[in-house]
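Nothing in this text is a laboratory measurement; each read-out follows from the coordinates by a stated rule. Predicted model, so just to flag it, every value in this text is computed and none were measured. FYI the Cβ positions are ideal-geometry reconstructions off the backbone, even for glycines, and counts take in every protein chain you see.
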Amino acid sequence: MRSLLPTARSILIHTGQTAILAGMAVLAMAAAPMGAPAGEAATMTETPALAPIQAVAEPAGPVTRQMAFIAPVRGYGVNSPFGLRKLAGEARARAHKGVDIAAPKGTGVLVTAEGRVLRTGYDAGGFGNFVEVSHPNGMTSLYGHLSRIDVASGMAVESGQRIGLVGSTGYSTGPHLHFQIERNGRTVDPARVVGRAFAVVVKASQA
Ligand SMILES: [Zn+2]
């Protein structure tokens, strides 16, 4: 009986610790945000928060100007949004990295904001004829499935300038524009960018 006593005590201590650990686990669960993304697929659609607009009231601060982003196709809306979607004939939902705007073949595609053409090309299994533009606020925009490309790599473009025509080249089932925006290498929902203005530093602080 004597040798059993320490064992019993150690069991008690152990049980006590387990209870504390269990309590901590409950607390950790309570601290976790509600509705946190459950899997990798959900994280892919996460939209990074946009940087705050820089203050212009500071006397010695940088001089900024506003740069507006406009819709790339006039008269037609988004018919397939950004985020997870399941296409007909596909078993699994996949992340749609941009928005689709269905419009007749030959409709003008306008650059969403001023910038410089990063590259143009043809991606047979994906974007088809595409144009990618970099903007002075650090974002890039991509226009896919074009029937015609009207700009060349390196060209400066003004907001609203036509860069090509709507088509159905590449992985596409009908004429539409695939419009994608990236910031710091991650896609963001174009619906959260179009119609907004972003500050661009024109002149650095004098201080
Ligand atoms: Zn698309």
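For the reader, a short list of remarks on this structure follows.
- For the pair R65 and A93 in one chain, pulling the backbone fully straight at 0.36 nm per residue adds 6.1 nm over the alpha carbon distance.
- Table column - 3J(HN,Hα) (Hz), the range 109-117, Karplus curve with 6.51, -1.76, 1.60, x for Gly and Pro: 10, 9, 5, 5, 7, 4, x, 9, 5
- Taking amide H positions as modeled 1.01 Å from N, with prolines and chain starts lacking one, the residues under 5 Å from L118 and 5 or more places away or on another chain are E132, V133, S134, G154.
- Listed by chain and number, the lysines whose C-alpha is less than 17 Å from the C-alpha of K86, apart from same-chain residues fewer than 8 away, are K97.
- Within the range 92-119, backbone nitrogen closer than 15 Å to the virtual label 7 Å beyond the Cα of K86 toward Cβ: 92-96
- Sequence-ordered 3J(HN,Hα) estimates for the range 88-97 from the Karplus curve with 6.51, -1.76 and 1.60 and θ = phi - 60° stand at 4, x, 9, 6, 10, 6, 10, 6, 8, 7 Hz, glycine and proline given as x.
- Cβ-Cβ FRET estimate between Y171 and K203, R0 fixed at 45 Å, reported to 0.05: 0.55
- Put a dot 7 Å past the Cα of Y76, heading toward its Cβ, do the same for A51, and the two dots end up 3.3 nm apart.
- Across the range 63-203, counting alpha-carbon atoms alone, Rg and Dmax equal 14.6, 52 Å.
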